[in-house]
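Notes for the one structure printed next.
Coordinate-derived values only; no laboratory data. Only a predicted model underlies this, so the values are computations on that prediction, with no experimental measurement involved. Every residue, glycine among them, receives a Cβ derived from its backbone with ideal geometry; neighbour counts consider all protein chains shown.
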Amino acid sequence: MIKLRSFHGGVHPPTHKKESTQSPIMAAPLPAQLIIPFRQHAGEAAKPVVQVGERVLKGQLIGEPVGPISSSVHAPTSGTITAIELQQIAHPSALPDLCATLVSDGLEEWGVRQTLSYRQLSSDELQKHLRRCGIVGLGGAVFPSDMKLRHPTVVNTLVINGAECEPYITCDDMLMRERAEGIVRGIEILRHALGTDAVLIGIEDNKPQAITAMQRAVDESSHPFKVVAVPTLYPGGSAKHLIKVLTGVEVPSGKLPTDVGVQCYNVATAYAAHRAVEHGEPLVSRIVTVTGNVEQPRNYEALIGTPFSELVELSVAKADTNRYIMGGPMMGVELPAVNVPLVKASNCVIAASDVLFPPPPPAMPCIRCTRCAQACPVELQPQELYWFAKSHNFGKAQEYDLFDCIECGACAYVCPSSIPLVQYYRYAKSEIRARDHEKRAADLARERHEFRQFRIEREKQEKAERLAQKERAAAEAKAKAAATATVIATPVDPSADTDDTQQMRIDAALARAKEQAATTPPKNTETLSPAQRAEIEAIEERRAHIHELAADAGADDEPPKHSQGN
Amino acid sequence: MLSSPFITRTLSVDRIMLRVLYALLPGIALYVWYFGPAILVSIALAVTAALATEALMLKLRDRPLRPFLSDYSALLTGVLIALSIPPLAPWWLPVVGTAFAIAVAKHLYGGLGSNPFNPAMIGYAVLIISFPHEMTHWLSPQDMGHSALSLGQQLHYIFTSTLPAGMQLDALTMSTPLDTLKTQLHLGMTVSDIRDLPIYGRLAGKGSEMVAAGFALGGIYLLIARIIPWQLPLAFLGTLFALSGVFNLIDPAHYAPPLFHWFSGAAMIGAFFILTDPITSPTTAKGRILFGMGAGLLTFLIRAYGGFPDGVAFATILMNMCVPLIDAWTQPKVFGKKGSKR
Ligand code: SF4
Ligand code: SF4
């Protein structure tokens, strides 16, 4: 038995997992048309390598990775590429992204599948293979799995995340129940590539069947892996928190688990690694929970690119369904439309209604009750962060560790004043990012400007010097001539003269520069009327909103620090 | 478009306040038992004034009435003020105190959540400074045979300030046990002699000690229900106990014993219902301990050496001032930053 630790805070929202675990995973029927985004992973979007009109086979590469943090995208079935264009995707910003449209031919004809015997392979070769197969973290953060095998430090513990702490989501639960053997094989592949000894598989204790299945598979494999039941506590499936519970190690803020000798993969990622290595199958499908306000909540194995609408139809959404959430109720995002495609990150779609998720009552003022601080797994002071974000005191917010917030929603979940705390944090983060960006741009512009000024001045000086030299030469020539003519002529001091003119020219230039600076009016907001100020605020707000959208769209570019253990 | 989380737990502000009000019930019941129903009239007056002032201020500040009037926070302020002033007081005493608390101490500072000082304690402080005479006539417990007034006569007094012919206010009322202790000590009596006076019971004032016990009972419910944090009452009562204990050991003739302090005056209601007001107390665990200790120390000092018989109200207000500082000093380290300096 290993000794379990605990982390501060956490909440116990109703899990609603029973509904979707009553029936086995079902293969979703082949859709007539698939939409495959080229950006389904953290990092650079993949570059299309197929032409419109081209016939592709199932598993054929259609987008290749660009740069170190990127991954591959494959055709989920055989058929014809009919378009490569911007389309709406499962992102709350509703901004379109580059996607391939694939009309399936119904044949499901596989391309070449390269199976490997991992024991003979080096970590490097396995990394290449995973990258080629488009394996990314399936816990939600979709970080390229090959990158996580590349680490400069010694990793002695591999943590496998089967916690699945978010309410409603059961795709990992069902995968563990039904395909434990494949998961265990995948874990062994990852363990081999990492070169670790200890493997800890953490599963929340509200999934007894998954725990039993995984234990049995581990026993049969005779690998020395440990299956550990961890207490059900949201957000116990956050990679850093699961690592804390299982190993007692707190991954330092801003660091990666590998910095403390631990690496963490999700169970579904391990399974995908197994399929990729031992069956040669790239990541073209995944398990997804369809639940909430539907008649038949269950899990489907669906091809990447399947429109959510088809899955929802299979489960029969109830009449009062008015929106769809991708992910769980704590951290999920509302889909901009139900016909957007399933992507590698899609673990769950919840049909929602106002009965299932009633709109919160209007927010009341914060009463400093600190229920949020007691719930925060990162030990932040959410009430202070809220105050700073609200008053646009972003420097203070950063000082109070805003960027350590994992946006888990535990604080907002318990807030008696129904304050949408997480929204404030997202807003503050995006605003800070935007300002940093602007500041960088402004710094650059200023530097450029200063350099230009400097260059102009220098050119002027050089010109003046050349002029002076000429004058000096002329004067000298004159003096010489005069000297030869009359010995008593008093020579003028040429250098004094030119120094003076040069100084005068520089002074004039400086005066001009000062004048220029003075004519640029300072941003004087104190003298404005309240109405004007309100207007400016409104403009700023619009600008902030745009920033937010832009920042959200760009947020995927950063390697996620706190993933749900991909 | 709404964003995550899409679900919430439903312990709203009004429910929290309601539980605090429930927790006051045992103390109020014992109050009525020992001192008669006049306190209920006081509470009714204070609550009416609280809600009316709240409504007026919301209107003036152009805020919606419904959510704020129904959050029970103004109501709670009214009840706490009524409980801290003499029940047999002219009607305008609770009304003025409560109106000031709500209008000035709460709304002029920005309303619910923004007030730095505990409104009820500000209301109390204003009254004891402005109307010291009215504030010192406390009803004697009924079983001492002095409460000769019927409820009707009490009401008559509250609203007209006239007593039935031939009755003296001084004969019906007394000063508080803490007040008496202070006066008699000045007159040269020892603590043990003073405590033999008929107004004292087993631990502290007759009757009032039981009311304090009732508040403690409600407070323990709040602790168990996790409505209030444990650090505040524990640090406050602990400090008060330790200090009075030390002084009582050294000089028992001039310093009352710890339990006397606990069950006198506003110590219990203060520990569980006043210091624990989340808006005006620190937000960190360490900060709460500091705050409670500071309030305990000040309460003891004021009781022992100050010009007022009880110190809870002034201790609370003084400590309220320190809250921003305490909070800033005691920020905890976040996950993954334990080893580093903030
Ligand atoms: S839970 Fe809500 S009301 Fe309580 S301190 Fe936090 S933000 Fe304020
Ligand atoms: S959303 Fe951020 S502040 Fe709120 S509980 Fe989660 S980590 Fe803490």
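How high is the relative contact order of the range A:122-280, in percent, with contacts defined as C-alpha pairs under 8 Å that are six or more residues apart?
In percent, rounded to a whole number, it is 34.
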Magnitude of the Cβ-charge dipole (Lys and Arg +1, Asp and Glu -1) of the protein assembly as shown about the Cα centre, nearest 20 debye, reported as 860
In order over the range B:329-334: 3J(HN,Hα) from phi, Karplus 6.51/-1.76/1.60, θ = phi - 60°, whole Hz, x for each Gly or Pro, gives 6, 10, 4, x, 7, 8
Residues meeting the amide H criterion for A:V136 (H placed from the backbone, H to H distance under 5 Å, 5 or more places apart or on another chain) are A:S145
Phi angles of the range A:147-155, converted by Karplus (6.51 cos²θ - 1.76 cosθ + 1.60, θ = phi - 60°) into ³J(HN,Hα) in whole Hz with x for Gly and Pro, give 4, 6, 8, 9, 8, x, 9, 6, 10
Using alpha-carbon positions, the gyration tensor of chain B gives root eigenvalues a ≥ b ≥ c; with a/c under 1.5 called rounded, otherwise prolate if a/b exceeds b/c, else oblate, the class is oblate
Honestly the protein assembly as shown on the Cα gyration tensor test (a ≥ b ≥ c root eigenvalues; a/c under 1.5 rounded, otherwise a/b vs b/c for prolate or oblate) is just oblate
Longest principal axis of chain B (C-alpha) makes with the long axis of helix B:151-160 (C-alpha) an angle, in degrees to the nearest 10, of 80
Bridge orientation stat for the protein assembly as shown from DSSP, antiparallel percent rounded to 5, came to 60
Note, the range B:227-242: 3J(HN,Hα) by Karplus (6.51, -1.76, 1.60, θ = phi - 60°), whole Hz, Gly/Pro = x, goes 7, 10, x, 6, 4, 5, x, 5, 5, 5, 5, x, 5, 4, 5, 4
Taking a ≥ b ≥ c as the square roots of the eigenvalues of the Cα gyration tensor, with a/c under 1.5 meaning rounded and otherwise prolate when a/b exceeds b/c and oblate if not, the range A:234-329 is oblate
Computed curve, the range A:174-310, Cα-only Debye sum without solvent term, log₁₀ I(q)/I(0) at 0.18 Å⁻¹, is -1.16
Non-local residues with an amide H under 5 Å from the amide H of A:K47, with H modelled 1.01 Å from N and Pro and chain starts lacking one, are A:E64, A:V66
Taking placed amide H atoms and a strict 5 Å upper bound, the residues 5 or more places from A:V228 or on another chain that come that close are A:I201, A:G202, A:I203
Computed, not fitted: 222 nm per-residue ellipticity of chain B from DSSP H runs ≥ 4 (each -39500 (n - 2.57)), nearest 500, equal to -18000 deg cm²/dmol
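Within 10 Å of each candidate Cβ there may be at most 14 other Cβ atoms; applying that plus a DSSP loop requirement, which GluC sites (Glu not before Pro) in the range A:260-314 survive? Intermediate values should be presented prior to the final figure.
Details: sites: A:E278, A:E295, A:E301, A:E310, A:E313; in loops: A:E295.
For GluC sites (Glu not before Pro) across the range A:260-314 that sit outside H, G, I, E and B with at most 14 neighbouring Cβ atoms in 10 Å, the list reads A:E295.
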